[in-house]
Structure formats: structure tokens, C-alpha cells
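Derivation of every value follows stated rules applied to the coordinates shown; laboratory data play no part. Note that the structure is predicted; figures quoted are calculated from it, not measured. With ideal geometry, Cβ positions are generated from the backbone for all residues, glycine too; neighbour counts draw on all protein chains shown.
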């Protein structure tokens, strides 16, 4: 039935920068609609239509249909007036948005006609099965053991991260609960030792007391007890606000969150992580968990998960253990680049050869360093991982996901005393009892499942697509590097923030000789306004980007070395306290192509020139 | 532009039991797709297509397109094999699922092509504006004051309820925080008094100290402190597991949840609520909040919100205050039945007249009692309300929602020190900082917005649609009442659980003379298996229903009087400890019609007869 394809032509998978594939899109969509309608007609064909020809000819029917037509006219106009043109092959270098996979759009629309609710198997047998398959595909992507791991779709990355923290909190509290309910299994352990047991040790004990698991859970953090004993939740200094929100919601509180400095590459400084953990241990404060990020939201950078894992192994010998959650909402799908056609992690030495075989990059790539290779490889050691199909899965919003290394953890947060599974299928009868949300669209599962069928989660499928986006990002990065613009007697230089770990390029404009950081920030903010919805006329804008502020309250002094490299003094940094950055997520599936990129490069260079001239015209007025 | 319509013909709003409106559906959908593609083409028309005719003629393109075709064939087959036929006008009496509004399906698909992310205004100006409008429409539906209230869309009812509890928890903790940060504003108050301040009092204090609000928030429950001081969260005995999950996640813990008995109508017993609150007060244990339910998940019943509000007013005089959250995930949209064309709550005496004017019921209805009227009316007094568009909004999954009476509460859970709003628009620039989730589909907002444009949230629009579903439910209820089936020498009677407060009908089959509760439960479970996916062949099944168990651990003795009315003794109830109930959500927009219903009634009577015969054939083997 399903064909295996060696060479996926990415251009057949998207609607197209100019809607080039609208013929294919309509062909497929209409076929699916017809098959749905045929299904309605042929369920008990002896039942006659309830909407009769007479109904359809009636005045009120016509008036109602015209009313619908009018409303949809307004909708279409609003969408066309106030949406972002991220479909362009080379003019949109802004938010994390782009073309999404045409087969997924069709799958979503089709499944929406059936409107399954994946909260319960019973109300969506087809799409529940798809979600279960997607979960196992995620697990394989992360290098988790088959048959021992699990995953599911959720609303978004914030919810997945919150669920990861929920897992960590309840896991960490279990030894204290076991001590109350079945003390013989943790005999002789001090509270410090209880709070430093590994996830595996804890689950192995639970395996031995199946009859007591409900009682143990009743004594866990879900009771509301012991939340303040569980220790600190350590996140990178590039902290996303969703982690503060998660700590608030989950009840451990903001006071338990500590940020670890990042290095010049905006990756968590693992030496500082070790120092912090030792400092806490000296005070007998445990570590609830550590968050590593694969693809930071504002920089696209990749934390050294391998070093984090190595640190955990080293500290385990000293009786210290911490849970690892990897926030790969953004970068998770990129692990496909490292998996061969049999889903095995490729040897570093063979990467280039395999990539060549599957046309993953069109030119020799400079992106793939050993650092990045090992960071991705070590993800398989994390307890839980967030991965968002609606980011690098090129699936329409909303589709988040979480992957769990050890399926047994599922029972730690589940509701209902008995294990209610469909016979043989290993699918929860009530998925809502095993996750944060309740009702959820079966259509999302259909969209993700279809995408994974079209593009396997390895080098042959998603690897190629994500490789294309990285190659496009590097083209943009090199386009910016060393670029300068003349505006009157001023020279404006462009400075990328860092070599991209992924497909995001951050950069700033600065006037030659300027040592006033506030002035540079103003220039970049003005530029953002010219290159976004702020000034109106989004649809006529020839170059669009996004922006962010790296400010001391969030970032500490992480941006200092970059700011200094631009010629600003440390005093200037302390005075201004922030640097405004322009930010380009390079997700386009087309910009990897040298000819395409070069055609657009001259156009966007011109557009940037015009924007800068506008800004200086106002400044000089 | 938008037309005002007096008489909405519901039959023009759905695809149809037999896909009768597929012509209209395709016309509208294709027009929207063409308008989208035109938009892509005309953004910078000087840019040429990047997918060339040569690309499209290439072998790899054709192979990839064929691969997509094959995958979609599999998808279509799986969906047609394993989905529920809820589209039928009269054979599906099961889960909370039905036809959804055709304009919303089209709006979702259209907006999905633009793939806006409503987490931030910047990345979805059009659909963010729609979500803001939807929020205000929800507020108007609930009778909240214009300009002082707010709402937003979220993933589902579980998330909305969790957000409600998050609001309640952080609100309740604020007086303790104010005492630490600005003690002069709560001078002389004891801890008990602090924990019994009204929401309005608390917000009025915050209004006076805008410069200290961030510091107050830092000392609130979000810090992780004081969670165990906030008191009990009281829910009806018909408790939905999502409330246990919510208490777990939010960190107050399951130990803070207490269930209040329900009466014979499965509504919270307000006398028992009062007794419980007084009992707690005697021990100086505050009440974090009380949950009222409008449309319980398993029974469709409506709590007496009016009595709950009256109790709060009475207790306020004794220095006791509790937060009220109304879980109207299911029943929220039904408040439209009570609002006239100007969105004013209609006088009870005038209800029949207004309904007649707008054809809300086709016959005199027996549903609308004063109890129900006052319950819906009093919703405007609750602090927060959950409302799910994907339930009685007839919007495809996933679309939940929450409404907040006092917009000032928004700042209590928000992130970021400064208030970041778009100029003039009063729309949060970063909605993700004011709600549980982060990224979310702009398409959901487009779907809900479009539905509300098509059908106003009052008696002229949704009132008529929901009235139709209630009328259909009552037809099914009367169809079941007193019905009996002969199988061999046995007589099987049908007994509805209660007169429906909304559009759900619960019922059981029992053999005449049977006094063995286990045997009755077995019969109903067997019947469910025959009338669901369990026995396979869903598509050929002529009558489909769902089931639930009312068991003592969840329900206490609430089902006892019903069980006794069927002839079982109290000892029998104690021995078996549960009753298996069949459950019909009557959401069909067609079954209200007398002729339609009667046509199906004889068919489903026959189908039920056959199922019972099958069951007894096995029993007698």
C-alpha cells in the first residue's frame, strides 16, 4: 500500500510560494471530501436525506446561505488584510512560521469532517490509533527503546513543558511517599537520599508493589504535600517565560526556579550548572530537574545535552541525581537528520556520505559540528522531551507533543485506579487520564500521522526538509555577514549574533562608529517597525523580520561579549541594560536553493536599503 | 456588509446527514482557497514562482505526488473504517459529538492556510483580533459587564477549568501577599479575614498600588508559598476526573478537594454545601472556591448557581467568602436561549413569546422550568466560567474557552512586569503571558468568530440551534419512557435516569422482576457493547449509544434513590456498588423535527429489539 520513496521532492509537498500546486491541492482535497460524503450517504442507505430539495429551495435557506456567504467574505478580507506573507520564498525572515505541509492541511481538513475527539478511544478509534503511532514514532526519533517508551500529541510546547514538569514533580516526590506507604523498600535512606533516587530506581520499586501504587500516588506531590522539599528547577539563562509560568502553575513556585548562565553561544554553561548543583548540595537542597533546550526560542541555539548527561553520571557517584527534561519544541524534529533509513543514529564519520545519498544538503554544510552532533545524540538519555509538530514538523497550529522515555512513568500521573487499556492495542481507553488536557482534535493526530507517513522521521524524510531550512538559514547568515549599507554619509553594518546552531539567524544593524547602545537599539527597533505589521501595509512590505530584546532581568550578562564585540563598553551595557536584536527564523522550504536565494538576495538588499533610508529621513527631519 | 437575519434556517448550516449540502460546501471552500492563492500570487507579483513547470513535470515530483496520494488513500480508508456515524439524523445517541457548523469548518480550513499563531498579536493580527472579539462575545453571553470583562479561547474544558483554578488559587493568596508587601491596606485583618476577602475587595486594593503589583504577585501563590493555607475546593459529587487532575497539577493537591452530595436531580445539594462550609469555618478552614456545573458531563444536569450565589451573599455577612467557578464547558452556549436580540436576559414571563417569535422550539417545551432559568441567569455572578465552543458551539475540536468577570484578574496571573498591549486595541501583544497555553491556532479563533457571526449568541442564533437539540433530546426521552421490549418470555423495560436539565438522556434497560443489580448492570454493559465500536462493524451498526458507571467511590450514594425506584434494595446497592448507565447526548440539529424523529423512532426501536435478542441468545446458549 504505502510506497517507500528514496528521493522526496520537497516541491511536491507544499502549496507553493505562488500557490503553484493549487491544482494538486484541490484534486486531493476534493477527493477526500467526496469520500467523506460518500461515507455519510452509505451509512444505512435506506435512510433518506433530511435536508430535502424543498428545504434547499426555500427562501429562508437561501437567505441563510447568503448570510454565510457574506460572513465568509468578511473573513476572507480580514485574513488577507491582516496576515503575514510567510509563504514567500525569500522575503519573510521573521517569526517561527512558514509554509506547512500540504498533505497535513488536507489530512486535518478531512479528519475535521469526522471530528473525532482523541480524549477517549471510544469516540475516535481511527485517530486515537494514529496518535498512538505518532507517539511511538516520536520515541523512535529520540532514540528511546521500542516497547518501553511513549509519547502523545498535546496543545503546544508550553503545555508539553508543563507536563514535563508535572512528571518531574510527581516522580521526585515518590520516594517520600514510598517511605510512608512501603517503608521497607527505602529502608535506611535519609531524606536527602530519597530525594536523589534515580527515575529508574523509583520505577523499579513501584514495579514490586503494584497493589500499593494507588496509595503511594495518594501520598505523592499530587496530594499537595512536600512541594517545597523537592528542590530547584534549573533552566538556562535564556529562559523562556513559559518556564516561569509552568513553575507557577505546577505549584512548586517561581522561587524554585534558578537560571544557569549561558556561554557565548547562548548554550547553558555546564561548568556553571555543576557549580550550582554542588552549591545547592552543600546546603542539602536537591535538584528537582534540569532543562536543556534544543533550539532556544530567541536564538535557535542547542544546549550540550551530552555534557549535561555526563555531569549527571559523574554526580550520581556522589549520590546526587537530577531529572532531565529536554525542551526540543523547536529543534526536536531535527534529530531526523542524524537517523539513517533504519532509524539508527549515524556515525559521525559517515554523516556526510549518508547525507549525500539522500540529498540532504545541496552543498557541503558547515553547520554540523561535533558539538551539535553529540548534543542531539544524548537526547535519548532525558526522561521527557517536548517536541512541537507545529514548529519544525511543518504541521499547522496547534500541535505540540511530549515523549516519555519510560512508559511506566505514565502511571505516575494517571487517574483511575485500574489500568484501562483497549485489549491488545496498548492504547489508553481514556487518554485524558494520562495527560494535561482532556478533549482534543483527532484531526491533529491525522495531520501529524499523515506527515510522518509522507516524510519518515529520519534522514530520508524530515532530515531532508530540515536540512533545507538549515541551508537556507546559512545562506541568509552569510548574506548578512559583513554586509554594509550607505545612507547619506552614514555607513550601517550588519552583525549576526552567533553562528547558528540551527536555522535561526539573529542580527543587528549598527551605524559605523556608534558607541551609544541606546542609539543602536533605537535603530533596530525602528527597523523592526518598518519591517513588520507595526507600520501597517503588511501585504506591501518587501522585507519582513521580527525582533526581541535581550535585557538584563532575563538574560543577565549573557549578551555582554556580543555587545562588546560591536564596540560598546561594559559601562554602556550596564547603563542601557538591554540589546534589541532582529530575529529571523529561516523555515522556508525553498531558500536552500542557491538560485532562488540569490534572486531574492538582491531584492531584499534593496528593501533593507529603502527601510534604512526611511528611518534616517525621519531622524534627519 | 454583514446581514442581520431574523430566521436562521439551521439546515443551511450543516453538511447534512447525507451530505446534502456538499455543493454549497465545495462552492464556499473553493472560493476561499482561490482567494488565498490569489493573495499568495499577488504578494510582490514581480516574484516568479519557485516551483517551475519543469519541477512539476519531473519524475521525482510525480513520484512524490503519487506517494502523497497513496498515503491519503490509507488515511481516508482508516477514517472511514474507524469513525463514528454521528452525522446520522437519528441513529446516533451516544457521545458528545455531532455535526459541526459548515461555516466553521470552512473558516478553519481557510485560516489554516495562513496558519496564524494567536500566542502573539504580531504573528496573527487578523485572528488575534477575532479571538479578542470572541472573548467579548462570551462575556456578553454570560451577562458580564461590557468593558470590564474578558475571555479567550483555549485548548479545551480541562484547560479552562485548570485556568479557573489557577485564577482562584492566585487570587485567594493575594491578601497574604498584600500583608507582606503593603500591610497598611489590610491593617488589622486576621489571617482568617484575609482568606475571606472578596475578589472585588482584593482587586480594589491592587488598583491603589499599581507600583507594587509586581512585588505583590511575587509574594502570591505563584512563589510556591502558602498553597496549603488556601482552603478547600468544593465540587459536586458528580465530580469529573478533570477536577482531581486540576488540583494535582495546580499544586493545592487532591487533599484539598471535597465533594458535595448531589440531589435526586444530580444537582449539587446547596444545603449540604452550606453545612460543609460552616463545618470548615468552625475549624477556620477557608474555602478556596466552589465549582458549579452547567451541564454535567455524565448527566447533563444544571447546578443551582442562583442558590450558590445567594448562599455566598448570606455567608458574606458572616465574614465568609468563596470564589465561584462555573464549569459550563457543556452548557455555556445554552445561555443564548435566554438572551433577546439585544442580548438582554429575557423576563421569565416573556420567554415563551420571544421563543415563538424566533421559532426556538417547534412545540411547547416542558424543559424550561424556573429552576433552570434562575440557574442560567445567576452565572453572571461567577468569577470565571468555562465554555467550550467544541461542545454546544458546534465548532470542530479543539476549541475551549474561559470567561473572566473582572478583567483586572488577568493581571494577577500575567507574566511580564509591564502591561504590553497594542495601542488602542486593548489586545494583549503576547496572549501567551495571560493564559495557560502558548502557541495556538489562529484558525480556531477564525472558526469560532465565523460561527458567532453566522449565529449570534442570543435567542435569534445559537438559542434556536440549542433549542433544537433540547427538543430532540426530549423526543428521545419520551420515546424511551415506558418503552418495553419482549424477548422470548422476558419483558425488558427502559427507565430514564431523570428529566433532562439539558440535552442529555441517561437510561437503563432492566428485565421485569429482576432484583439483581449486577445482572442489570451486565445487561446494560452488554447492550453498550452491541451499540458501540466494541463489537466491530461500527459503520453497519443501526443504533449507537455510550455508557458510564456511577460507582460509589465517585458518586457516593447519589444514585441510590434511582436504583431503589427500579426495585433494587439498599443492600443490593451496597453489594454491587455501582450502576451502569446508558448515555445519549442529543446534539443532532435534525432530531427536533417531529417527522424526522418519528421516521427514525421505529427504526431504532427495531434495532434495539435486535440487539436485545442477540444478547439474550448468547445468555441462553
For chain B, what is the relative contact order in percent, using Cα pairs closer than 8 Å and at least 6 residues apart in sequence?
21 percent
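Kindly state, to the nearest 0.05, the FRET efficiency for residue B:356 paired with residue A:6, given R0 = 60 Å and r defined as their beta-carbon distance. Let's see the in-between values first.
On the way: r = 68 Å, r/R0 = 1.13.
The pair residue B:356/residue A:6 has a calculated efficiency of 0.30.
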Across B:249-260, the residue-averaged tally of Cβ atoms belonging to other chains within 10 Å stands at 5
For residue A:549 paired with residue B:42, estimate the spin-label separation in nm (one decimal), with each label point 7 Å from Cα along the Cα-to-Cβ line.
3.8 nm
Bounding extents of the range B:481-619 in its principal axis frame from Cα atoms, largest first in Å, are 44, 36, 28
For residue A:617, project a label point 7 Å along Cα to C-beta. Then give me every residue of the range A:488-509 with its amide nitrogen under 13 Å of that point.
A:488
Computed over the range A:134-467: relative contact order in percent, which uses C-alpha pairs under 8 Å that are six or more apart
25 percent
List the distances, in nm to one decimal, from the label point of residue B:284 to the label points of the same position in every other copy, shortest first, placing each label point 7 Å from Cα along the Cα-to-Cβ direction.
3.0
Write down the percent of antiparallel bridges among all DSSP beta bridges whose residues are both part of the range A:134-467, to the nearest 5.
45 percent
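Hey, what did the range B:218-300 get for relative contact order, percent, Cα under 8 Å, at least 6 apart?
Values: 89 pairs, mean separation 30.8, N = 83.
Value for the range B:218-300: 37 percent.
Shape of the range B:540-621 from its Cα gyration tensor (a ≥ b ≥ c, root eigenvalues): rounded if a/c is under 1.5, otherwise prolate when a/b > b/c, or oblate?
Numbers: a/c = 2.63, a/b = 1.57, b/c = 1.68.
It is oblate, given that a/c is not under 1.5 and a/b is not larger than b/c.
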Nitroxide proxy distance, nm - points 7 Å out along Cα→Cβ at residue A:208 and residue B:209
5.2 nm
Starting from a label point 7 Å past Cα on the Cβ side, list the distances from residue B:594 to the same position in the other copies, nm, shortest first.
7.9
Taking a label point 7 Å from Cα toward Cβ, how far is residue A:565 from its twins in the other copies, in nm, shortest first?
7.6
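Return B:431, B:194 ranked ascending by Cβ neighbour count within 10 Å, so the fewest neighbours appear first.
Details: B:431 23, B:194 20.
Final ranking by Cβ density, sparse to dense: B:194, B:431.
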Can you give the extra length, in nm with one decimal, that the chain gains between residue B:133 and residue B:77 once fully stretched, where that is 0.36 nm per residue apart less the Cα-Cα distance?
16.3 nm
Place a point 7 Å from the Cα of residue B:534 along the Cα-to-Cβ direction; which residues of the range B:558-579 have their backbone N under 20 Å from it?
B:576-579
Along Cα→Cβ, 7 Å out, is where each label goes; now give me the distance between the ones at residue B:525 and residue A:349 in nm to one decimal.
6.1 nm
Just to be sure I understand the curve: with the Debye formula and one point per C-alpha of chain A, what is log10 I(q)/I(0) at q = 0.05, 0.08, 0.10 Å⁻¹?
-0.25, -0.64, -0.97
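Rounded to the nearest 5, what is the percent of antiparallel bridges among the DSSP beta bridges in the protein assembly as shown?
Values: 66 of 101 bridges.
Once the DSSP bridges in the protein assembly as shown are tallied, antiparallel ones form about 65 percent.
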Principal axis extents for the protein assembly as shown, Cα atoms only, whole Å, descending order, please.
95, 70, 62
Extension gain residue B:570-residue B:198, at 0.36 nm per residue separation less the Cα-Cα distance, in nm?
129.6 nm
When DSSP assigns beta bridges and you keep just the ones with both residues in chain A, what percent turn out antiparallel, to the nearest 5?
65 percent
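For the residues B:525, A:95, what sequence is obtained by ranking on other C-beta atoms within 10 Å, fewest first? Don't skip to the answer; put the middle values down first.
Details: B:525 16, A:95 23.
Least to most surrounded, the residues fall as B:525, A:95.
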Shape category assigned to the range A:134-467 from the gyration tensor of Cα positions, a/c cut at 1.5:
oblate
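Within a 10 angstrom radius of the beta carbon, how do A:532, B:561, A:60 rank from fewest other beta carbons to most? Walk me through the numbers on the way to the answer.
Details: A:532 21, B:561 11, A:60 17.
The most exposed by this proxy come first: B:561, A:60, A:532.
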With a 10 Å radius around each residue's Cβ, average the other Cβ atoms per peptide and rank B:196-202, A:460-466, A:372-378, highest first.
A:460-466, A:372-378, B:196-202
Calculate, in nm to one decimal, what residue A:478 and residue A:518 gain on full extension: separation in residues at 0.36 nm each, minus their alpha carbon distance.
11.7 nm
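Could you work out [θ]222 nm for chain A from helices alone, using -39500 (n - 2.57) per DSSP H run of at least four and dividing by all its residues? Round to the nearest 500 deg cm²/dmol. Working shown, then result.
Numbers: 22 runs with 267 residues, N = 621.
It lands at -13500 deg cm²/dmol.
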Between residue B:272 and residue B:364, what FRET efficiency comes out of the Förster formula 1/(1 + (r/R0)^6) with R0 = 45 Å and r the beta carbon distance, rounded to 0.05?
0.85
Look at the axis of the rotation that sends chain A onto chain B, then give the chain A residue with the nearest Cβ and the distance in whole Å.
A:251, 1
Per residue of B:147-159, what is the mean number of Cβ atoms on other protein chains within 10 angstrom of that residue's Cβ?
3
10 Å Cβ neighbours from other chains, averaged over peptide B:96-109:
4
